[in-house]
């Protein structure tokens, strides 16, 4: 039976995160808010869970889900290399709506589908998503909708499409920005735009001068990258007020989830 948690309430937020972590560890699916649209998530390292995610959406292995992470170190561990531009792009735009496609690490024991040796990675700009990802590790996340239907901007839309296929729904309120993430492929010599989105070409070119337009992991924990530092600040700033001291009218803010490994428009996340 599916359970929904209102993340605007401090206690429900924590209870929901604990329930979501347990669900992920058991190979079940969860719906989470992101900075774009709601995402449907599963443990990236549990093939059966990823298969369940694709089945719930009505998609095949030819459309593998992107992976969301809660830290730059987690992203680096998934890739063979960040390449010439990866770290600079991460420092400038993460957490945020930029999905980067890398060659995946050959040592990874996972099965996201027909990825052709690549992985699409993003760190979402949303406190609930970041908190969950810090607790679970990398998650395969696609938009919380059935294939061919509109991405969910509110949790009720996700429930209506996915129903009991999902164990836990984390309600972060309405999405404030339904523009999908920009997807940039860094697997070639010249970065290639796979999907236009929230980050404009002009913004990208401030970091990567040349873009093909189609029709360090050992660092000490305290040596946080700019992106990781912003992620930590986002989580801290968004902690709900304890119930006893909550105002009479509490409010809370709230992603597609990403593209396929090399082209999945995934969740608009």
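Observations, loosely collected:
- Working value for the stretch 120-215: equivalent-ellipsoid semi-axes of 29, 16, 13 Å, each the square root of 5 times a Cα gyration tensor eigenvalue, largest first.
- Pairs of Cα atoms farther than 34 Å apart, the stretch 3-245, %: 11 percent
- At R0 = 30 Å, FRET efficiency that the Cβ-Cβ distance of residue 21 and residue 88 yields, to 0.05: 0.40
- Peptides ranked, highest mean first, by Cβ atoms within 10 Å: ranges 200-207, 160-167: 160-167, 200-207
Read-outs: derived from the displayed coordinates by stated rules, not from any lab. Source: prediction; values computed, not measured. Every residue, glycine as well, gets a Cβ built from its backbone with ideal geometry; the counts of neighbours run over all protein chains shown.
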